[in-house]
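Below you'll find the structure, written out as structure tokens, and then a few comments.
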Amino acid sequence: MTPSLTAGAWLRILLWLVFLLGGLWLGIHLDWVLFPWALNSLAWHLTSAAVGGAVAWLMARIARNTGRTLARFGREGDLPRLETNRLVTSGPYGCMRHPMHLGLMLFPLAVALIAGSPGFLLIVAPLEILVMVLLILTLEEREALAKFGDSYREYRRRVPAFNLRPACLRRLLQSPA
């Protein structure tokens, strides 16, 4: 039987919920003040929801593919969910160190678009993404260094944290072999 989530995983999930629900609340509040036209615009809401659905699909596909890569190559033995004990440097992890996080950074944008909240889309989501990048480049990197040591240092020298080149982005959308 696979152990349940670790305290760190629960903390990350809680942080995501705070980001999304708090961001949605703040975005809607900002809409009343800064973007009142959006509250009653059916065309905006339909267009925004359609684009948001596409962004959500893209985010889910990236998260699924990178998650499968981690589950297949990053786990050995009986580990809690969302944990790894092997450094993965193949597939999308061969061209960027944090492909799953790049996909998950689309989550606030998708929620903002589906909700039709310009305040969330233009103000709150970019701030949340900035906080995510800072957390990844500090906490996640520190955890990976502690877990994988010199192997991760070498990997970090060769592979950027994020890579937006088209060839790398295509790897994010491919199912793991």
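The values are calculated or read from the model by the stated rules, or taken from the named source; none is laboratory data. Everything quoted here is computed from the prediction, not taken from an experiment. Virtual Cβ from ideal backbone geometry, glycine too; neighbours counted across all protein chains shown.
Six or more apart or on different chains, Cβ under 8 Å: which pairs go from a residue in the range 35-62 that's farther than 30 Å from S175 by Cα and without any contact (Cβ under 8 Å) to a residue 60 or more places away in the chain to one that's loosely packed, with under 15 Cβ neighbours inside 10 Å and not small (G, A, S)? Could you list them?
Filtered contacts from the range 35-62: L39/W32.
Determine, yes or no, whether M96 is assigned to a loop (DSSP other than H, G, I, E, B), modelled with pLDDT of 90 or more and either of a type outside the set (A, V, I, L, M) or surrounded by 14 or more Cβ atoms within 10 Å (Cβ to Cβ) (or both).
So M96 passes the test.
Could you list, in sequence order, the residues of the range 113-130 that are assigned to a helix (DSSP H, G or I) and in contact with a helix residue (DSSP H, G or I) (Cβ under 8 Å, 6 or more places away or on another chain)?
L113, I114, A115, P118, G119, F120, L121, I123, V124, A125, E128, I129
What residue, of T89, T138, is hydroxyl-bearing (S, T, Y) and touching a helix residue (DSSP H, G or I) at 6+ places or on another chain (Cβ under 9 Å)?
T89
Taking A167 as the residue in question, decide whether it is touching a residue at least 40 places away in the same chain (Cβ under 8 Å), part of a helix (DSSP H, G or I), small (G, A, S) and buried (at least 16 other Cβ atoms within 10 Å of the Cβ).
In short, no.
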